[in-house]
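Only one structure is covered here, and it is reproduced in the block below.
The values are calculated or read from the model by the stated rules, or taken from the named source; none is laboratory data. Remember, predicted model here, so these are calculated numbers, not experimental data. Don't worry about glycine lacking a Cβ; one is built from the backbone with ideal geometry, like all the others, and counts go over all protein chains shown. Quick note on the areas: whole protein, heavy atoms, side chains included, nothing else; ligands and nucleic acids left out. Shrake-Rupley method; radii C 1.70, N 1.55, O 1.52, S 1.80 Å.
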Amino acid sequence: MLAPEDLTALVLTLKLATISTLVLLVLGTPVAWWLAMTRRRVRPVVDALVSLPLVLPPTVLGFYLLLFLGPDGPLGRLMIAAGGRPLAFTFTGLVIGSVIYSLPFVVQPIRDAFMATGHAPLEAAATLGASPRDRFFTVAVPLARRGFLTAATLGFAHTLGEFGVVLMIGGNIPGRTQVLSIAIYNHVEALDYGRAHLLSGGLLAFSFLLLLAVHFLNRRFPVVRV
Amino acid sequence: MSIKIKCRLDRGVGTNGDPGFRLDVDLDLPVAGITAVFGPSGCGKSTLLRCVAGLEKKARGMVKIGPRVWQDDHTFLPVHQRALGFVFQDGLLFPHLSVLENLEYGLKRSDADRQTIVMDEVVELLGLEKLLARGTTDLSGGERQRVALGRALLTSPDLLLLDEPLAALDRSSRRAIYPYLERLRTDFTLPVLYVTHALDEAARLADHMVLLEGGQAVNSGPLTEMLTSPAPGLAHGDEAGAVLPAWVAGFDREFHLARLGFEGGELLVADTGLVPDQEVRVRIHARDVSLTLEPAGGSSILNILPARVLALIPDSPARVLVRLAVGDSVILAAITHRSATALGLEVGRDVHAQIKSVALL
């Protein structure tokens, strides 16, 4: 049913979304924790930085990333000096782009969940002998479970549909950087509406089902024990 | 051995005209029994407790429990390294854990070699058997606080801190939880700091009392003395009254009365199913005590005790509190200045105290 190139693009997209989501959860959780708990004055600055991708055109983000990752950019030069190649137009470059692009979608739900929990349960855990690390993993994280589920879903779904950043820093290399959204663009450009429909409709249905599944998961496994 | 608490904390002046707050307390407390930290809202009771626990990182001073230093000029043990149990006003049970898992949370994190309090004992003491498998969200207020108390006890703490544990409960749940808290006093030798703004809770549970006002400890001492002390604080207004430790000395079966012995005499009270030798506490409100110079005959009042005037404490323009020695005990009587003048009351005068009602706590 799917043409081999489309299948490759699909697999690549799922791989990108999965890896990006995992990286986002690992990087985003400490950022969210810091934003939720700190009383420092720089907090709004960091908050605004993290939220930037929500309002910036993806092409702006992609443009600067391209400069940063490319052979003449700081990271590109560093990679070359270390005996590697620049990250622009590679899968790793795509992961970096996706992580930055989807950061607010992951950080914000987790941050809000931590804030909703507040300090009190953590203080209770401390009086029961739990170290800061211990109470983070046994109290803060379990109580923020819904936030994590929402964050993972939004991060994944948002990466699936990303276009502008990918086009700017990844280009359109089949099998390496050509993801679904770009394959769809190519089909439309070539007036191959049938294949564009297949991919677009598939993505639409999948995203919808994903969000629906999260809703039911949340209902099925509430945060609290009853 | 004693508990030393020296604590200073400044909460700077707030932005919206908040005058700021300073806690400055220096206390030496006995190691056994329940110490009530009593005072009006906003006097710094809860803050004091948080300082002792290490939850206020900016607090300066010293916290020493017997030989163990939790805090001094060079040390600040973080909360989780202090062997304490803390019961918060709203319990703060973990909603993602069952009752049993909540109880185990502190138990698992306390050193095995200093565990003196075991699960079965706590479950039995607090009547938690039927709750163990349940979640915490549909527990009643009283059940939550019992679980929170059990969870704190299971860390085998050197000091138990209770922050208004009954304040969120209605009257009947409060009454239902008293016996559990009393067993805390009788079954464990653990020192307890009990923050409350309700005098009846303190009167019922505490052995010792600290009176806090505006961030300062204005008075402290044994409960019975504090309640009748002429020093400023508790002995005024409608709440004024004495608490006496007593025991059941015998019964008047014909009239369903019990005879209670106390240091200085005997009191007759309605028998509510007391058992011989049972230890009880009675509270005698100052407003329920009147004075006569001669023992009045033909009175319906059961308890008339010989007493000697120790002090006259002006309470309001119309009213005076009379501090009375009854044997070795002290009670208060609230009478008008006019009556005091009419009776010619003065220190050292022998009188008869007519006690209209005695409350069994």
- Item | Sorted largest first, extent of the protein assembly as shown alpha carbons per principal axis (Å) | 117, 49, 47
- Item | Contact order relative to length of the stretch B:241-360, as percent, for alpha carbon pairs under 8 angstrom and 6 or more apart | 30 percent
- Note on the structure: Whole-Å distance linking the alpha carbon centroid of the stretch B:155-207 with that of the stretch A:118-141 is 24 Å
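At a 1.4 Å probe, what is the % contribution of carbon and sulfur to the accessible area of the stretch B:241-360?
That share works out to 52 percent.
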- Between chains A and B, what is the buried accessible area summed over both chains (1.4 Å probe, protein heavy atoms, nearest 100 Å²)? 1900 Å²
- Message: Give me the net charge for the shell around B:Asp271: Cβ to Cβ below 10 angstrom, other residues only, Lys and Arg +1, Asp and Glu -1.
- Response: +1
- Find the relative contact order for the stretch A:115-187 and round it to a whole percent, using C-alpha pairs within less than 8 Å whose residues are 6+ positions apart. 20 percent
- Task: Determine the relative contact order of chain A: mean sequence separation of Cα pairs under 8 Å and six or more apart, normalised by residue count, in whole percent.
- Result: 29 percent
- Message: Nearest 10 degrees is fine. How inclined is helix A:91-117 to the longest principal axis of chain A, computing both from alpha carbons?
- Response: 30 degrees
- Convert each backbone phi in the stretch B:70-87 into a coupling constant with the Karplus relation 6.51 cos²θ - 1.76 cosθ + 1.60 (shift: θ = phi - 60°), then list the ³J(HN,Hα) values in order as whole Hz, x for Gly and Pro. 8, 7, 8, 4, 10, 10, 9, 5, x, 3, 6, 9, 8, 7, 9, x, 10, 10
- Message: Taking the solvent-accessible surface of protein heavy atoms with a 1.4 Å probe, what is the per residue accessible area of chain B in Å²?
- Response: 45 Å²
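So, for the stretch A:4-220, what is the accessible surface per residue at a probe of 1.4 Å, expressed in square angstrom?
50 Å²
Tally Lys and Arg at +1 and Asp and Glu at -1 over the other residues with C-beta under 9 Å from the C-beta of A:Phe91: what net charge comes out?
Details: positive: A:Lys15, A:Arg176; negative: none.
So the surrounding residues net to +2.
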- Surface share of carbon and sulfur [accessible, 1.4 angstrom probe, percent] for chain A: 71 percent
- Message: Mean-square fluctuation check for chain B, GNM, Cα pairs under 10 Å: which of B:Val275, B:Val79, B:Val322 is largest?
- Response: B:Val275
- Task: Can you tell me how much longer the chain between B:Thr336 and B:Val69 gets when fully stretched, taken as 0.36 nm per residue apart minus their C-alpha distance, in nm with one decimal?
- Result: 91.1 nm
- Query: Which lysines does B:Lys58 reach when only Cα atoms under 20 Å apart count, and residues fewer than 8 places away in its own chain are ignored?
  - Reply: B:Lys4, B:Lys6, B:Lys45
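What does the charge count around B:Val320 come to, taking other residues whose C-beta lies under 14 Å from its C-beta (Lys +1, Arg +1, Asp -1, Glu -1)?
On the way: positive: B:Arg287, B:Arg319, B:Arg323, B:Arg338, B:Arg349; negative: B:Asp315, B:Glu346.
Around B:Val320, the charge tally is +3.
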- Query: What do you get for Rg/Rh of chain B when both radii come from the Cα atoms and Rh is the Kirkwood radius?
  - Reply: 1.01
- Query: Ratio of the stretch B:94-166's C-alpha Rg to 2.2 N^0.38 Å, to two decimals?
  - Reply: 1.04
- Item | Per residue, the convex hull volume that the Cα atoms of the stretch B:241-360 enclose (Å³) | 94 Å³
- Cα centroid distance between the stretch B:219-296 and the stretch A:150-202, in Å? 84 Å
- Query: If r is the Cβ-Cβ distance from A:Leu78 to B:Ser2 and R0 is 45 Å, what FRET efficiency results, to the nearest 0.05?
  - Reply: 0.10
- Message: Cut-off 16 Å, label point 7 angstrom out along Cα-to-Cβ of B:Ile304: give me the residues of the stretch B:243-270 whose amide nitrogen falls inside.
- Response: B:266-268
- Item | Cα→Cβ-extended label distance, 7 Å offset, between B:Glu129 and B:Glu182, nm | 2.2 nm
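Using only helices, what value at 222 nm comes out for chain A when you add -39,500 (n - 2.57) per DSSP H run of length 4 or more and divide by the total residues, to the nearest 500 deg cm²/dmol?
Details: 11 runs with 167 residues, N = 226.
Value at 222 nm, helices only: -24000 deg cm²/dmol.
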- Task: Check each residue of the stretch B:35-78 and keep those whose accessible area, probe 1.4 Å, is at least 20 Å² smaller with all protein chains in place than in the chain alone; give them in order of residue number.
- Result: B:Arg50, B:Leu55
- Note on the structure: One point scatterer per Cα, no solvent, Debye formula: log10 I(q)/I(0) for the stretch A:4-220 at q = 0.12, 0.15 Å⁻¹ comes out as -0.73, -1.02
- Provide the FRET efficiency to the nearest 0.05 for the B:Val31-B:Phe76 pair, computing r from the beta carbons and using R0 = 25 Å. 0.65
